[in-house]
Amino acid sequence: MAVPVGAGPSFDVPKFLFQTRVPAGVTANRTHYVPSRDGQRFLLNTQTGDPSPTPITVVLNWTAGMKK
C-alpha cells in the first residue's frame, strides 16, 4: 500500500499498489518481500499456482488388523 504524506502530521487515504499471494506463515520475524535499491520494484516470494493437495490415507476397520 502507498500513502501520500503531506506537510505536518497529515496522511492521505492508503491505496493498493498491487495484489500479492504471500505464502502462509508470515510473521514479524520473516518477510516475503524486499524492495529494489532504487525503490521502483519489489521482489516477492509468492506461489506460482495453486498448491497440490496433500493426499491422506484413511484406514477402515483397522482394529481387525490387530487381531491374530
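The values are calculated or read from the model by the stated rules, or taken from the named source; none is laboratory data. Please read all numbers here as calculations on a predicted model, not as lab measurements. Cβ: placed from backbone, ideal geometry, glycine included. Neighbour counts: every protein chain shown. Note: accessible area is taken over every heavy atom of the protein model, side chains too, but ligands, DNA and RNA are not part of it. Shrake-Rupley method; radii C 1.70, N 1.55, O 1.52, S 1.80 Å.
Of all residues in segment 1-18, how many are open to solvent by 100 Å² or more (accessible area, probe 1.4 Å), modelled with pLDDT of 85 or more and part of a loop (DSSP other than H, G, I, E, B)? Going through segment 1-18 one residue at a time, the tally reaches 1.
How many residues does segment 40-59 contain that are part of a loop (DSSP other than H, G, I, E, B) and either modelled with pLDDT of 85 or more or surrounded by 10 or more Cβ atoms within 10 Å (Cβ to Cβ) (or both)?
Residues of segment 40-59 that are part of a loop (DSSP other than H, G, I, E, B), as a first pass: 40-41, 45-59.
From the residues that got through so far, the ones that are either modelled with pLDDT of 85 or more or surrounded by 10 or more Cβ atoms within 10 Å (Cβ to Cβ) (or both) too are 40-41, 45-47, 55-59.
Number satisfying all stated conditions: 10.
Among residues of segment 1-19 that are under 16 Å from Gln40 (Cα atoms) and among the small types (Gly, Ala, Ser), those with a Cβ under 8 angstrom from a residue that is loosely packed, with under 10 Cβ neighbours inside 10 Å and at pLDDT below 85, sequence gap 6+ or separate chain, pair up as Ala2/Leu17.
Cβ-Cβ contacts under 7 Å between residues 6 or more apart (or on different chains), taken from a first residue in segment 44-68 that is at negative phi to a second residue that is β-branched (Val, Ile, Thr) and part of a loop (DSSP other than H, G, I, E, B), are listed as Leu44/Thr20; Thr46/Thr20; Thr46/Val22. Within segment 19-31, the residues that satisfy the criterion of being assigned to a loop (DSSP other than H, G, I, E, B) and either of a type in the set (Ser, Thr, Tyr) or modelled with pLDDT of 80 or more (or both) are Thr20, Thr31.
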